[in-house]
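Visitor: Let me give you the structure first, and then I'll get to my questions.
The values are calculated or read from the model by the stated rules, or taken from the named source; none is laboratory data. What you are looking at is a predicted structure, and each value in this text was computed from that prediction instead of being measured. Neighbour counts are summed over all protein chains in view; Cβ atoms, including those assigned to glycine, are modelled from backbone coordinates with ideal geometry. All accessible areas refer to the heavy atoms of the entire protein, side chains included, with ligands and DNA or RNA removed. Shrake-Rupley method; radii C 1.70, N 1.55, O 1.52, S 1.80 Å.
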Amino acid sequence: MKTRAILFTAPNQVVLETVEIPAPETGEVLIESLYTLISPGTELRCRAGKQEGVTFPFIPGYSMAGRVIARGPGVSLPEGTLVFCGGTTKASLNRAWGGHVAHAIQPEQGVYPLPEGMNPLYAPAAKLAAIAYRGVRLSQPKPHETVAVIGLGAIGLLAAQLHALSGARVVAADLSPYRVANAQKAGLQAFVPQGSLGQAFRQSFPNGADVVVDATGAPSVLAQAIEVARDKAWDDSPELGARVVIQGSYAGEFSLPYQAAFMKELSFYVPRDVQPRDIRAMLEVMTRGKLHLDSLISEVRAPEAAPQTYAALAEPGAELITVAFKW
């Protein structure tokens, strides 16, 4: 069938075009998209042509909510079921990862029925929340601990909220006054740092943070993130060093100051996308109203506005966190 899709056709070139997707085969479902959501860090890297293994033109994105409208043989999921999925697994063009499309083909096991009463506008955020939640599962914050989150884009905003759900004290920072004000509206303690990050965070955490989350994707910030981490005394204490979660989306290699990390005996975690359990958990958490999603989704736009939307998100100081497309 013919359907519409957002395409990245060349570096920084975005169009809405017609593509072909096949009919569902055995074990597959056809989904009519309701909303898709931009993952800014990853998709802007793809738009710039910096995503390894991706060839133009392609369908970007990996966060969709829609309705099952047809089924192949052997499928038990009823037609009409509202679901989350990562986009289409089959199309006439390349995919990275096929999320921004009006119709999608998925194997039945690749879709997640939405909990009863969940607003489908918010459902695509399950993927972004699951990425941040994966970092929380690795860092394992405790109620008595402190967490510093650096960067309040989509992933940082969600990471701060999810770490706060553990009971830990969370303080976040971003150079953008808009992002800081947006986080504060979501109930977070946030500030615009002056000077070095290490000095700025010491006003909140004089001894440093037990967990530091880098959600910037900026290699130059990683060295400063180490400064934010708690110092470790040279004593007989069984206490382990601080944890650093590299949650930002990086296009390639980066370096770390070894001696500074060595002196603090830091542990580093690099979350590897998500597991299905993370998606299921976040759908449930969002349904229970535990995340402030209006602070995440800045606007809802038509797919026809995709070129202007990606250009706006790429602007330094953009007053957008992310944008949903209504199909």
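Visitor: Over 32 Å between C-alpha atoms is what I'm after, so list which of LYS2/LYS50; LYS127/LYS232; LYS232/LYS290; LYS2/LYS185; LYS90/LYS185; LYS2/LYS290 land there.
Guide: Over 32 Å Cα-Cα: LYS127/LYS232; LYS232/LYS290; LYS2/LYS185; LYS90/LYS185; LYS2/LYS290.
Visitor: Could I ask something else about it? Based on the Cα coordinates of the stretch 221-327, what is the per residue volume of their convex hull in Å³?
Guide: Dividing the Cα hull volume of the stretch 221-327 by its residues yields 178 Å³.
Visitor: Okay, next question. Gaussian network model of the chain, Cα springs within a sub-10 Å range: biggest mean-square fluctuation belongs to which of ALA154, ALA126, ALA70?
Guide: Largest GNM mean-square fluctuation: ALA70.
Visitor: Something else now. List the residues whose amide H sits under 5 Å from the amide H of GLY217, counting only those 5 or more places along or on another chain, with H placed 1.01 Å from N in the peptide plane.
Guide: Those lying under 5 Å, H to H, from GLY217 are GLY248, SER249.
Visitor: With a 1.4 Å probe and all protein chains in place, put TYR250, TYR258 in order of accessible area, largest first.
Guide: These residues rank, largest area first, as TYR258, TYR250.
Visitor: Take the solvent-accessible surface of the protein heavy atoms, probe 1.4 Å, and return the percent of it on the stretch 95-134 that carbon and sulfur atoms account for.
Guide: Carbon plus sulfur share of accessible area: 46 percent.
Visitor: Separate question: Charges at C-beta only: +1 for Lys and Arg, -1 for Asp and Glu. How large is the resulting dipole of the chain about its Cα centre, in Debye rounded to 20?
Guide: Using Cβ point charges on Lys, Arg, Asp and Glu, the chain gives about 260 debye.
Visitor: What number comes out for the charge environment of VAL211, summing +1 per Lys or Arg and -1 per Asp or Glu over other residues with Cβ under 15 Å away?
Guide: Here the count lands on +1.
Visitor: Taking all protein chains as present, what is the carbon and sulfur share of the accessible area of the stretch 141-220, in % to the nearest whole number, probe 1.4 Å?
Guide: Carbon with sulfur: 53 percent of the solvent-accessible area.
Visitor: Something else now. Using DSSP to call loops (not H, G, I, E or B), can you name the GluC sites (Glu not before Pro) in the stretch 23-58 whose Cβ has at most 13 other Cβ atoms within 10 angstrom?
Guide: Passing both the DSSP loop test and the Cβ count: GLU25, GLU52.
Visitor: Then there is this: Send over a whole-number figure in Å² for the accessible area per residue of the stretch 106-198, probe 1.4 Å.
Guide: Here the per-residue accessible area is 37 Å².
Visitor: Still on this structure, I have one more. Would you please give the residues with an amide H less than 5 Å from that of LEU266, counting only those at least 5 places away or on a separate chain, with H modeled from the backbone geometry?
Guide: Answer set, sorted by chain and number: none.
Visitor: Looking at the chain, what % of its DSSP beta bridges pair antiparallel, to the nearest 5?
Guide: 55
Visitor: Evaluate the relative contact order of the chain (contact order divided by residue number), counting alpha-carbon pairs under 8 angstrom at least 6 apart; express in whole percent.
Guide: It rounds to 18 percent for the chain.
Visitor: Sticking with this structure for a sec: What residue among GLY117, GLY217, GLY241 shows peak mean-square fluctuation when the chain is described by a Gaussian network model with Cα springs under 10 Å?
Guide: GLY117
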